[in-house]
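Quick one: the structure is below, and I'll ask about it shortly.
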C-alpha cells in the first residue's frame with residue numbers, strides 16, 4: 001500500500017514531497033521493476049531519499065535480491081554525487097546485499113492478523129482476558145459506533161489523536177495529512193469512531209489495498225479505556241474485512257522497546273515478523289531518532305493545547 005499512487009498522492013498533497021523511481025526499465029517500456037523514493041529536503045533533518053515517508057514498510061518492485069541490489073547501486077551513486085545526504089529504504093522481503101554498502105539503521109517488528117480462518121477461529125485466537133472480555137464489555141456498555149470518511153468523523157478522530165499524542169509526549173500529525181489521505185484514498189479510507197453517551201471515546205483510521213486492510217492510526221480517551229471502545233473498533237474492523245473477502249489485517253510496525261504495544265497486537269492474534277530499515281551512508285539512526293524524540297517531547301510539554309496541532313504541522317514536514 002505504501003508505494004501505491006494513493007499514498008504518494010497524499011504525501012505530495014500534504015508535504016509537497018516529490019516522488020522519484022529508480023528502475024532498470026527503458027524509459028519507453030512498461031515499468032516492471034523499481035524502487036520508489038520521495039525527495040525530502042529539510043534544514044533540520046537533511047536532504048535525503050526516503051522509501052517512503054511515514055510508511056511502516058515499503059517493498060521494492062523486484063523479483064529477487066539480485067535485482068534489488070542492481071537497483072540500489074544508482075541510488076548510492078546519487079548520494080555519492082553530493083545531491084543527497086543519505087538514502088533510506090524499508091523493505092520486508094529482501095535485505096540489501098553487502099556490495100550495496102547500505103547499513104542497518106533501525107529494526108522494528110510488524111504484526112498481521114490472518115483473516116482467512118473462520119470468524120469463530122479468529123475470535124478464539126484472541127487473548128481471553130485482554131481481548132475477548134473487552135469485546136464483551138463493549139457490548140454490555142452499548143457503545144455507539146460510526147464509520148465513514150466525513151469531515152465530522154475526522155473532527156472526532158482528530159480531537160482524540162491530539163489527546164493521545166500529548167499523552168505520549170509527541171505532537172499530533174497535521175490535520176491536512178489526514179485530509180490528504182481522505183482525498184487520495186476515497187472510500188478505501190475509513191474512520192471508525194466509538195461513542196459513549198454520545199461522546200467519542202476511541203477512533204481508528206484504516207486503509208485498503210488489494211487483499212489487505214491496514215490499521216494505520218488509532219487514538220482514544222484514556223479515561224474511558226475500561227469501556228472497551230478500541231476493542232469494539234478492532235473487532236468490527238476484523239468482522240467486516242473478513243466478510244468482504246480481505247485476507248489479512250496489517251497492524252503496522254512497533255518499536256522493539258515498546259513491549260506494551262507488541263503484547264497488545266499479539267493478544268489480538270497478530271503474527272510477528274521483523275523488518276529492518278537500511279541507509280547509505282551506513283550510520284545508525286538511534287541517536288538521531290532519540291534527539292528528535294527529545295525535541296518533540298520538550299515542544300509538547302511547553303505548548304498549550306491550542307498550539308500543539310500547529311507544532312505538529314511544522315514538525316512532521318521534517319521527519320518523513
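Do you know which residues across segment 96-106 are in a loop (DSSP other than H, G, I, E, B), touching a strand residue (DSSP E or B) at 6+ places or on another chain (Cβ under 9 Å) and surrounded by fewer than 17 Cβ atoms within 10 Å (Cβ to Cβ)?
Selection gives 101 alone.
Looking for whichever is under 26 Å from residue 212 (Cβ atoms) and surrounded by 19 or more Cβ atoms within 10 Å (Cβ to Cβ) here; the options are 19, 53, 5. Which one fits?
53
Within segment 212-237, track down each residue that is out of contact with any strand residue (DSSP E or B) (no Cβ under 7 Å at 6 or more places or on another chain) and either outside the structural domain of residue 185 (by TED's automatic domain parsing) or surrounded by fewer than 17 Cβ atoms within 10 Å (Cβ to Cβ) (or both).
222, 223, 225, 226 - these are the residues of segment 212-237 that are out of contact with any strand residue (DSSP E or B) (no Cβ under 7 Å at 6 or more places or on another chain) and either outside the structural domain of residue 185 (by TED's automatic domain parsing) or surrounded by fewer than 17 Cβ atoms within 10 Å (Cβ to Cβ) (or both).
Test residue 78 against the criterion of being within 24 Å of residue 5 (Cβ to Cβ) and buried (at least 22 other Cβ atoms within 10 Å of the Cβ), and give yes or no.
no
Check off (1) within 25 Å of residue 6 (Cα to Cα); (2) assigned to a helix (DSSP H, G or I) for residue 146 and give me the number that stays unchecked.
With respect to (1) within 25 Å of residue 6 (Cα to Cα); (2) assigned to a helix (DSSP H, G or I), residue 146 is out only on (2).
On the given criteria, is residue 109 under 30 Å from residue 172 (Cβ atoms), assigned to a strand (DSSP E or B), touching a helix residue (DSSP H, G or I) at 6+ places or on another chain (Cβ under 6 Å) and modelled with pLDDT of 95 or more?
Taking the combined requirement at face value, the residue does not satisfy it.
For segment 1-59, which fully contained strands (runs of 3 or more DSSP E) count at least 1 residues that are free of Cβ contacts under 8 Å to residues at least 12 places away in the same chain and closer than 13 Å to residue 87 by Cα?
35-42
Quick one: is residue 165 in a helix (DSSP H, G or I), touching a residue at least 60 places away in the same chain (Cβ under 8 Å) and over 26 Å from residue 115 (Cα atoms)?
So residue 165 passes the test.
So, one more: Check 116, 152 and return the single one that is surrounded by fewer than 16 Cβ atoms within 10 Å (Cβ to Cβ) and touching a residue at least 24 places away in the same chain (Cβ under 8 Å).
Of 116, 152, the one residue that is surrounded by fewer than 16 Cβ atoms within 10 Å (Cβ to Cβ) and touching a residue at least 24 places away in the same chain (Cβ under 8 Å) is 116.
Just checking, which of 181, 207 is buried (at least 19 other Cβ atoms within 10 Å of the Cβ), assigned to a helix (DSSP H, G or I) and in contact with a strand residue (DSSP E or B) (Cβ under 8 Å, 6 or more places away or on another chain)?
181
Residues in segment 65-76: is at least one assigned to a loop (DSSP other than H, G, I, E, B) and over 30 Å from residue 260 (Cβ atoms)?
no
Next up: Which members of segment 192-203 meet the condition of being in a strand (DSSP E or B) and free of Cβ contacts under 8 Å to residues at least 40 places away in the same chain?
Hit for segment 192-203 is 199, nothing else.
Can you go through 269, 245 and tell me which one is outside any strand (DSSP E or B), modelled with pLDDT of 95 or more, under 25 Å from residue 189 (Cα atoms) and in contact with a strand residue (DSSP E or B) (Cβ under 6 Å, 6 or more places away or on another chain)?
Result: 269 is the single residue among 269, 245 that is outside any strand (DSSP E or B), modelled with pLDDT of 95 or more, under 25 Å from residue 189 (Cα atoms) and in contact with a strand residue (DSSP E or B) (Cβ under 6 Å, 6 or more places away or on another chain).
The values are calculated or read from the model by the stated rules, or taken from the named source; none is laboratory data. Everything numeric here is computed off the predicted structure, so don't read it as measured data. Glycine also receives a Cβ, built like all others from the backbone with ideal geometry; neighbour counts cover every protein chain displayed.
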